[in-house]
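Student: Pasting a structure below so you can have a look.
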Amino acid sequence: MYHPALFKGMNVVVTGGGRGIGLEVARQFLDCGARVLVHLGRTIASDRPEFLDLAAAEGRAFLTAADFLSDGGVESLADAVRSRFDSVDVLVNNAGTMVGRFPAGELTDDDYRTVVKLNQTSVVEMTRTMLPLLRKGTHPAIVNTVSISARAGGSPGSSIYSATKAFVSTYSKALARELAPEGIRVNCVSPGTIATDFHERYSTPEKLEATRKTIPLGRLGMAEDCAPAYLFLASHALSGYITGQVLEVNGGQLIA
Ligand SMILES: NC(=O)c1ccc[n+]([C@@H]2O[C@H](COP(=O)([O-])OP(=O)(O)OC[C@H]3O[C@@H](n4cnc5c(N)ncnc54)[C@H](OP(=O)(O)O)[C@@H]3O)[C@@H](O)[C@H]2O)c1
């Protein structure tokens, strides 16, 4: 674990922090002294991990929900951030999912719009709306979640999802150059195949086992394998000279 005071006094926003990778990212930021506004997802479920409620009771975590697929969803999250923080030091755009597997010939207009709105448009909107607060932050950093599929193309039925992750990757690089003069760094974490609810929904056990065999380190990833990469890229002390990069966290699944 990083030093428990690494993010002391800093304001961090994590989207999609109710489970999976985002939940572990939020936990590690809290463990390193940050105040964290945790966007849990579409709803505030009652079966939250205890540490989140404890941190909320202590005024270190602020829990909120917003559906990025509903009109005004991102703006309602932005309102929640503004009501808690005068400035933001770290923004982690992590919420997203494949939505479903859509063979190219069967993809409907609605499927297409949904996947793009959730994984691509929401990142642009959230970034735009947080920029005024990030500009007031100390050594501000944005860390976006992309995917191994952004480079490798993804598996059948995931073409639009994979393309949205490639969009976010390129968007982040352009933004890194644009915002560098203001001292705002922008980087991405690109998870490989990580054992979260994500694959419970979109991959069979047989598919996951076949994938596992292709991973040089011999196992699927865990959220705990990913979270330190986010903290590293968010920390001026650890990565202050790194911007516009994509950190691949995949056990060697993609070596190129
Ligand atoms: N797991 C992997 O192998 C893998 C690989 C590469 C990239 N990724 C990316 O990593 C990120 C986190 O994935 P994960 O594996 O941790 O998945 P997860 O466990 O399914 O978590 C996804 C998060 O996104 C939120 N979300 C989904 N739909 C939403 C909506 N309409 N509005 C607002 N929030 C919404 C979820 O909230 P709800 O609880 O409301 O659904 C949840 O908090 C995603 O961007 C994913 O694309 C994952």
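None of the figures in this text is laboratory data; all of them are computed from the coordinates on show. Keep in mind it's a predicted model, so treat the numbers as computed, not measured. Backbone-built Cβ (ideal geometry, glycine too); neighbour counts: all protein chains shown.
Student: What's the FRET efficiency of Ala5 with Arg42 using the Cβ-Cβ distance as r and R₀ = 41 Å, to the nearest 0.05?
Tutor: Approximately 0.80, to the nearest 0.05.
Student: Any idea how far the Cα center of the stretch 9-72 sits from the one of the stretch 149-199, in Å?
Tutor: 21
Student: Straight-line reach from Lys136: which lysines have Cα under 22 Å away, leaving out those fewer than 8 places along the same chain?
Tutor: Hits, sequence-local ones excluded: Lys8, Lys173.
Student: Which net charge results when you count Lys and Arg as +1 and Asp and Glu as -1 among the other residues whose beta-carbon is under 13 Å from that of Val25?
Tutor: Result for the local shell: -2.
Student: According to the square roots a ≥ b ≥ c of the eigenvalues of the Cα gyration tensor, what is the shape class of the stretch 35-140, taking rounded for a/c under 1.5, prolate for a/b larger than b/c otherwise, and oblate for the remainder?
Tutor: Oblate, because a/c is 1.5 or more while a/b does not exceed b/c.
Student: Now a separate question. Residue-wise, which Karplus ³J(HN,Hα) couplings in Hz belong to the stretch 52-62, taking 6.51 cos²θ - 1.76 cosθ + 1.60, θ = phi - 60°, and x for glycine or proline?
Tutor: 5, 5, 4, 5, 5, 5, 8, x, 9, 10, 10
Student: Quickly work out the Tyr241-to-Glu200 label distance, labels modelled 7 Å from Cα along the C-beta direction, and quote it in nm with one decimal.
Tutor: 4.3
Student: Then there's this: Take the chain, compute every pairwise Cα distance, and split them into 5 Å bins from 0; I just need the percent in each bin.
Tutor: The percentages, shortest bin first, are 1, 6, 14, 19, 20, 18, 12, 7, 3, 0, 0.
Student: Between Ala180 and Val124, how high is the FRET efficiency from 1/(1 + (r/R0)^6) when r is the Cβ-Cβ distance and R₀ = 30 Å? Nearest 0.05.
Tutor: The value I calculate is 0.95.
Student: Now for a separate question. Using Cβ contacts closer than 10 Å as the measure, can you line up Cys188, Cys32 from fewest to most?
Tutor: So the ranking, lowest neighbour count to highest, is Cys32, Cys188.
Student: With both bridge residues required to lie in the chain, what share of the DSSP beta bridges run antiparallel, to the nearest 5%?
Tutor: 0
Student: Which of Ser87, Ser235 comes first, and how do the rest follow, when ranked by fewest Cβ neighbours within 10 Å?
Tutor: Going from sparsest to densest Cβ surroundings: Ser87, Ser235.
Student: Quick check on the exposure proxy: order Thr145, Thr196 from fewest to most C-beta atoms within 10 angstrom.
Tutor: Exposure proxy ranking, most exposed first: Thr196, Thr145.
Student: Each label point is 7 Å from the Cα along the Cα-to-Cβ direction; what then is the distance between the points at Ala152 and Leu208, in nm?
Tutor: Rounded to a tenth, the inter-label distance reads 1.6 nm.
Student: Can you pull out the GluC sites (Glu not before Pro) in the stretch 34-134 that DSSP calls coil and that have at most 11 other Cβ atoms within 10 Å?
Tutor: Glu58, Glu106
Student: Among Phe232, Phe51, Phe102, which one shows the highest mean-square fluctuation when the chain is modelled as a Gaussian network with alpha-carbon springs under 10 Å?
Tutor: Phe51
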